[in-house]
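Structure, as structure tokens:
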Amino acid sequence: MLEGFADEILVGGRWRPGSGAVVETRSPATGEVLARLRGAGPADVDEAVRAGAAAAADPAWRDVPPHERARYLVRIADLIAERADDLAALQTADTGKSINETRALVASAQGTFRYFAGALETLEDALTPPRGPYLTMSVHEPIGVVGAITPWNSPIASDAQKIAPALAAGNAVVLKPAEWTPLVSLALGRLICDAGLPPGLLSVLAGPGRIVGDAIVRHPGVGKVSFTGGTSTGRTIGAAAAEKIMPVSLELGGKSPTIVFPDADREQALAGLLFGIFSSSGQSCIAGSRVFVHASIYDEVLDELVARAGKLRVGPGTDPATQVAPMVAHAHRDKVAAMVDRAVADGARLRCGGRIPEGGEYAEGAYYLPTILDGVPNGAAICQEEIFGPVLVALPFEDEEDLVAQANDTVYGLACGIWTADYRRAWRVARRIDAGTVWINTYKQFSISTPFGGFKESGLGREKGREGIRAYMRQKSLYWGLDENPLPWAT
């Protein structure tokens, strides 16, 4: 068990055990229990939402000028910087991720709070052109209470991308972290309390999504839900939101294509393909899990990919040399392994990996070797279903028309990577691919200032960027009459 970790959740400004079932979190590297805590139940959700509504309506928060509200965000960012090492180590313990990645995620969270503090300082409403003897204005106001539901694959960064703009907009936030990985989200909650945020504006409710998440989505006091996770859950949330006539932001699954043209810089492309699928152990919504290589170079590119994938360092996240860390849980690892086994049984050719490593440090962990498959058409299940693991499927293409047709032949539309030296071709193909983000001669690079989201079943709405604050606000129009004469209709 982690020393010094209290078994409490944050409910409406109070740290206490929840009223729900026990949440147990285990180390993906060793299988040992890290912490047990009493999770939230529906009654805790109700308390958190009511406390959040009261805190958001309190003049002590409601009437704080934007530049003063921004100071809270800066203080939070400063505390994240002070506690960065501890936060990264906690996230590595809880998620299994490599320490290098969790340090980057903590830095991302810090940068997110700083960015939205700066954006809030300069955010403006508008005087709109009048069409008569009146002055017209467009203003934005807080929604009230926002539900934020975040995934297990990048907790602190995802938490920050929802909490920071929602607080900047003047809301209260009820955060539901993933059941498997609640520890760093709870630590972030304590940090935010230490930064002096008024009580009640943030709750952190650990527990299962089917209970806690569902209660948040359906609570009449929640005015918006922002969700990052699987498409099937997103569809359920969308249906519940439709019943409430409530706005939602949904960042969902992906089956992202990466594309290699014959004129690509070979070294850059190979490094980008490996990073795009095998970093984070493939547990990323934007993982480049389908690679399309031009037929003229297909065999040599694939052979080199296989050779390099076999040399990637698989090990515990605590080792800075590790490139492929354990997966988040044994149950998830086994699900990924079963998908690969089924694909091979259905005719896919296994080029490397496809098994659980044995012995030594791998014995107790949720490890799976980097895996590359080919020999299947794009319509095969392994090419269409999100695997969320270190599994790459390779496919050849003949020309741009063939490529675009195959790349877009999926229910998803989250991301894409293109490797080519021809800027005209890059522009042409990028505009034809159905994806919310397209990387050209790079992959998995992010900026908090650049909006992010998906097409089709990959999601609805956008996060990040200056408009990321507006996504947590309601727009209102004001008309100021300037005519001293009464309205002619009534005279």
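The values are calculated or read from the model by the stated rules, or taken from the named source; none is laboratory data. As the structure is a prediction and not an experimental result, all values here were calculated from the model. Please note: Cβ atoms are built from the backbone with ideal geometry, for glycine as well, and neighbour counts cover all protein chains shown.
With the stretch 116-215 as the region, which strands (runs of 3 or more DSSP E) entirely inside it contain at least 1 residues that are closer than 30 Å to TRP480 by Cα and in contact with a Leu (Cβ under 9 Å, 6 or more places away or on another chain)?
Details: elements: 126-128, 134-142, 145-149, 172-176, 202-204.
Strands (runs of 3 or more DSSP E) meeting the threshold: 126-128, 134-142.
Test of understanding: among PHE397, PHE452, which residue is in contact (Cβ under 8 Å) with a residue 12 or more places away in the chain, in the same structural domain as HIS332 (by TED's automatic domain parsing), over 27 Å from ARG333 (Cβ atoms) and surrounded by 19 or more Cβ atoms within 10 Å (Cβ to Cβ)? Testing whether each residue is in contact (Cβ under 8 Å) with a residue 12 or more places away in the chain, in the same structural domain as HIS332 (by TED's automatic domain parsing), over 27 Å from ARG333 (Cβ atoms) and surrounded by 19 or more Cβ atoms within 10 Å (Cβ to Cβ) leaves just PHE397. GLN268 - would you say it is in the same structural domain as VAL340 (by TED's automatic domain parsing), farther than 20 Å from GLU304 by Cα and of a type outside the set (Phe, Trp, Tyr)? Criteria not met by GLN268. Taking residues in the stretch 188-206 that are crowded, with 17+ Cβ neighbours inside 10 Å, and partners anywhere that are at pLDDT below 95, the pairs with Cβ atoms closer than 6 Å and at least 6 places apart or on different chains are GLY200/GLY13; ALA206/VAL23. Residues in the stretch 358-406 that are more than 22 Å from LEU270 (Cβ to Cβ), part of a loop (DSSP other than H, G, I, E, B), out of contact with any Asp or Glu (no Cβ under 9 Å at 6 or more places or on another chain) and small (Gly, Ala, Ser): GLY359, ALA363, GLY365. One residue stands out in the stretch 2-61 among those that are among the acidic types (Asp, Glu) and either assigned to a helix (DSSP H, G or I) or touching a strand residue (DSSP E or B) at 6+ places or on another chain (Cβ under 8 Å) (or both): the one that is modelled with the lowest pLDDT, namely ASP7.
Among the residues in the stretch 322-331, are any under 19 Å from LEU403 (Cβ atoms), surrounded by 21 or more Cβ atoms within 10 Å (Cβ to Cβ), modelled with pLDDT of 95 or more and not assigned by TED's automatic domain parsing to the domain that holds ILE99? Within the stretch 322-331, not a single residue is under 19 Å from LEU403 (Cβ atoms), surrounded by 21 or more Cβ atoms within 10 Å (Cβ to Cβ), modelled with pLDDT of 95 or more and not assigned by TED's automatic domain parsing to the domain that holds ILE99.
Condition test on TRP180, is it within 14 Å of the chain's Cα centre (by Cα), assigned by TED's automatic domain parsing to the domain that holds GLY209 and surrounded by fewer than 24 Cβ atoms within 10 Å (Cβ to Cβ)? Criteria not met by TRP180. In the condition set (1) under 18 Å from TYR412 (Cβ atoms); (2) touching a Pro at 6+ places or on another chain (Cβ under 7 Å), GLN283 is compliant with all but (2).
For GLY465, the conditions (1) touching a Lys or Arg at 6+ places or on another chain (Cβ under 9 Å); (2) assigned by TED's automatic domain parsing to the domain that holds PHE227; (3) assigned to a loop (DSSP other than H, G, I, E, B) are fulfilled apart from (1). Looking only at the stretch 349-382, residues that are out of contact with any helix residue (DSSP H, G or I) (no Cβ under 8 Å at 6 or more places or on another chain) and surrounded by fewer than 22 Cβ atoms within 10 Å (Cβ to Cβ) come to 12 in all.
Within the stretch 108-131, being basic (Lys, Arg) and loosely packed, with under 15 Cβ neighbours inside 10 Å holds for one residue alone: ARG131. The number of residues in the stretch 429-465 being among the charged types (D, E, K, R) and in contact with a Leu (Cβ under 7 Å, 6 or more places away or on another chain) comes to 1.
For the stretch 128-148, indicate whether the set of residues that are charged (D, E, K, R), out of contact with any His (no Cβ under 6 Å at 6 or more places or on another chain) and either over 21 Å from ALA166 (Cβ atoms) or outside the structural domain of ALA206 (by TED's automatic domain parsing) (or both) is non-empty. Don't jump to the end; show me each part of the working.
Let us first name the residues in the stretch 128-148 that are charged (D, E, K, R), namely 131, 141.
Within this subset, residues satisfying the condition of being out of contact with any His (no Cβ under 6 Å at 6 or more places or on another chain) are 131, 141.
Among the residues that remain, those that are also either over 21 Å from ALA166 (Cβ atoms) or outside the structural domain of ALA206 (by TED's automatic domain parsing) (or both) are: 131.
Yes, that holds for at least one residue.
Among residues that are buried (at least 23 other Cβ atoms within 10 Å of the Cβ), out of contact with any Leu (no Cβ under 6 Å at 6 or more places or on another chain) and of a type outside the set (S, T, N, Q), ALA407 is included.
May I ask you to verify whether SER256 is of a type in the set (S, T, N, Q) and buried (at least 24 other Cβ atoms within 10 Å of the Cβ)? Step through it out loud before you land on a result.
Details: of a type in the set (S, T, N, Q): yes; buried (at least 24 other Cβ atoms within 10 Å of the Cβ): yes.
Judged against the criteria, SER256 is a match.
Close contacts from the stretch 276-304, counting a first residue that is farther than 30 Å from ALA104 by Cα and a second that is part of a helix (DSSP H, G or I), with Cβ to Cβ under 7 Å and a gap of 6+ residues or different chains, come to VAL293/VAL301; VAL293/LEU302.
I'd like the residue in the stretch 287-304 that is assigned to a loop (DSSP other than H, G, I, E, B) and crowded, with 24+ Cβ neighbours inside 10 Å and, out of all such residues, is nearest to the chain's Cα centre (by Cα). Walk me through it before giving the result.
Just the residues of the stretch 287-304 that are assigned to a loop (DSSP other than H, G, I, E, B), to begin with: 287-289, 295-297.
Those left that are additionally crowded, with 24+ Cβ neighbours inside 10 Å: 287-289.
Details: ALA287: 12, GLY288: 16, SER289: 17 Å.
The extreme case among them is ALA287.
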